Amino acid sequence: MKKNWKPILFTGIVILLLVASSVYSVLSERIPSNDISVTGNTAGNLNNGGLFAESDGKVYFSNAYDGGRLYSMNADETDVVRLGDSKVSAINVGGNYLYYYLDSSDGGKGLGYVVRTYGVFRSKLNGKDTKCLDRNAAVTMQLAGDYLYYQRYNNTDFTKFWKIKTDKSESSLVSEEIINPAACHNGIIYYNGTEKDHYLYALDTRTDTISTIYQGDLWYPAYQDGYIYFMDVSSNYRLCRYSLSQNVVEILTNDRVDTFNVGTGCIYYQRNSSTDPALMRMNLDGSNPEVIAEGNYENIQLTSTYAYFNAFGEEVPVYHTPLNGPVNVSTFTSAYDAALAQGSK
């Protein structure tokens, strides 16, 4: 009796195709491991909303002229491209991926956005292959190696400190305490206490163990080149820095500070004053303070090339000035023009 091999051959081919498809699906979902030293953004940017993040000459930002949607551009503000259709904040970048908090309540449009979408999301650097990692509200979020550490909020548990692996394979509660993970260096998260004290603590993300570093009265610590920059709560929120190697505190300014951001060679901060409030800039050691813009400003974001900010309570216009060198404040016109080209104005 002669066997008909055609059905068998066809079945074998189908099985091989299914196996190949499954293997490809698994491999395409794989997120390459990051070195422990990888962080997603600077503390200063994240403490001011995480609206800009830079990596390898590219800046990823939330475009206020287009409902806070995700955009990218070169550091010199050329080649501005829209990457997403929803409002984003807490932007992080690591390897070939972006991580951010997404909320479609303001930025989304069309049938797909009738129902509000929000949570912690991941996408490729071009904005494609978007994936939700956690469908909960998140505040400050920092990428440390292969994990995102973030303040996670919902109406049942309220605010807790969580971490989730970048490939979504692991997720766990790290602490009941509300920890701000913005300041991170080489796998160590530096943060201030929020309950019984405002000491400086360090969380080693390799083991998630916590140690006390300095018994001060800090707020918004930011790591830069061996120093922790912070607002001194007990002394009218003046700006100081603490040397991790020498255990010494330096006073950088006696101005009361509302917010600040540490960049390459300089610090930008908002001076709180009833008579002459101003956005200020000074050297890292507190020398050569100068006025950038008179008035009250917020959302200070720093890249390798520019400082970005807006007037308090007014999302637009967005202003910028060269990070270092002569002050030259102007509007962020390339972002406006890109939004206009999208029909958002």
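The values are calculated or read from the model by the stated rules, or taken from the named source; none is laboratory data. Just so it is clear, the model here is predicted, and its values are computed rather than measured. Backbone-built Cβ (ideal geometry, glycine too); neighbour counts: all protein chains shown.
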**Asked** Tell me, which residue of the range 125-142 that is under 19 Å from TYR191 (Cα atoms) and touching a Phe, Trp or Tyr at 6+ places or on another chain (Cβ under 6 Å) is modelled with the lowest pLDDT?
**Response** ALA138
**Prompt:** Got a number for residues in the range 297-333 being surrounded by fewer than 17 Cβ atoms within 10 Å (Cβ to Cβ) and among the polar types (S, T, N, Q)?
**Reply:** 6
**Prompt:** Is it fair to say PRO289 is out of contact with any Gly (no Cβ under 8 Å at 6 or more places or on another chain), at negative phi and surrounded by fewer than 21 Cβ atoms within 10 Å (Cβ to Cβ)?
**Reply:** yes
**Asked** Can we say ASP217 is among the charged types (D, E, K, R), in contact with a strand residue (DSSP E or B) (Cβ under 8 Å, 6 or more places away or on another chain) and either surrounded by 21 or more Cβ atoms within 10 Å (Cβ to Cβ) or at pLDDT 95 or above (or both)?
**Response** yes
**Fill in**
From the option list TYR201, TYR223, single residue qualifying as among the aromatic types (Phe, Trp, Tyr), more than 16 Å from THR39 (Cα to Cα) and either out of contact with any helix residue (DSSP H, G or I) (no Cβ under 9 Å at 6 or more places or on another chain) or modelled with pLDDT of 95 or more (or both) is TYR201
**Message:** Can you go through GLN215, GLN224 and tell me which one is within 21 Å of the chain's Cα centre (by Cα), among the polar types (S, T, N, Q) and within 29 Å of ARG256 (Cα to Cα)?
**Reply:** GLN224
**Prompt:** Which one of these is in contact with an Asp or Glu (Cβ under 6 Å, 6 or more places away or on another chain) and either at pLDDT below 95 or closer than 24 Å to HIS320 by Cβ (or both): ARG271, ARG241?
**Reply:** ARG271
**Asked** Right, ASP208: touching a strand residue (DSSP E or B) at 6+ places or on another chain (Cβ under 9 Å), of a type in the set (Asp, Glu), at pLDDT 95 or above and surrounded by fewer than 16 Cβ atoms within 10 Å (Cβ to Cβ) or not?
**Response** yes
**Message:** Could you tell me how many of the residues in the range 141-169 are in a strand (DSSP E or B) and surrounded by 18 or more Cβ atoms within 10 Å (Cβ to Cβ)?
**Reply:** 15
**Request:** State yes or no: is VAL291 of a type in the set (Val, Ile, Thr) and touching a helix residue (DSSP H, G or I) at 6+ places or on another chain (Cβ under 6 Å)?
**Result:** no
